[in-house]
Amino acid sequence: MIKIEHIGIAVKNIEEGLKIWEDIFGLRTEKITQVKSRNVKIALIDAGGAKIELLEPTGEKSPIAKFLKKRGEGLHHICFETKDIETTVATLKKKGIMLIDKSPRPGAFSKKIVFLHPSSSQGVLIELCEK
């Protein structure tokens, strides 16, 4: 792992969420995009090295919509950057870490991503990414 790349926060409405991060904390939004395959809209906010990633569902089939119904708005996941995601995944599998994704897949902002199952990390959803 290189560093914390971003912290994902599930929100009902990105525009409302941005008011908090920009207006109150003075942070700057870098990008807003949509990942149609996952039914999610994402805002990436510069937080001085690590990023804040706001996640808004764009459909009922979105994993974020399911998360919001179950838990409400708040911390969704922590993402660590890795230099070689395939090697990292192979190492984690050998150590018995459960993965949600069987192998890395395309994520937002041209990154390869994979999610670890929260049962392998004390209830915290962990994402790994490679730029």
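Structure notes:
- Residue pairs whose Cβ atoms lie under 9 Å apart, separated by 6 or more positions or on different chains, with the first residue in the range 95-108 and in contact (Cβ under 8 Å) with a residue 12 or more places away in the chain and the second open to solvent by less than 90 Å² (accessible area, probe 1.4 Å) and of a type in the set (Asp, Glu), are Ser103/Glu86; Pro104/Glu86; Pro104/Glu130; Gly107/Glu127; Ala108/Glu53.
- Where Asp84 falls short, out of the listed (1) open to solvent by 50 Å² or more (accessible area, probe 1.4 Å); (2) in contact (Cβ under 8 Å) with a residue 40 or more places away in the chain; (3) touching a Phe, Trp or Tyr at 6+ places or on another chain (Cβ under 9 Å): (3)
- Thr29 vs. criteria at pLDDT 95 or above and either of a type in the set (Lys, Arg) or exposed (fewer than 12 other Cβ atoms within 10 Å of the Cβ) (or both): no
- Qualifying residues in the range 87-120 (those that are among the charged types (D, E, K, R) and closer than 19 Å to Pro63 by Cα) - the one most open to solvent (accessible area, probe 1.4 Å): Lys102
- Residue count for the range 1-34, restricted to those that are over 12 Å from the mean Cα position of the chain (by Cα), in a strand (DSSP E or B) and aliphatic (A, V, I, L, M): 1.
- When the range 53-63 is filtered for residues that are open to solvent by less than 20 Å² (accessible area, probe 1.4 Å) and either part of a strand (DSSP E or B) or within 15 Å of Gly17 (Cβ to Cβ) (or both), the ones remaining, listed by number, are Glu53, Leu54, Leu55.
- Residues of the range 64-78 satisfying the condition of being in a helix (DSSP H, G or I) and either in contact (Cβ under 8 Å) with a residue 40 or more places away in the chain or open to solvent by less than 40 Å² (accessible area, probe 1.4 Å) (or both): Ile64, Ala65, Phe67, Leu68, Arg71
The values are calculated or read from the model by the stated rules, or taken from the named source; none is laboratory data. Here the structure is a predicted model, which is why all the values come from computation and not from measurement. Because the Cβ atoms are built from the backbone with ideal geometry, glycine has one as well, and the counts that use them run over all protein chains shown. Note: accessible area is taken over every heavy atom of the protein model, side chains too, but ligands, DNA and RNA are not part of it. Shrake-Rupley method; radii C 1.70, N 1.55, O 1.52, S 1.80 Å.
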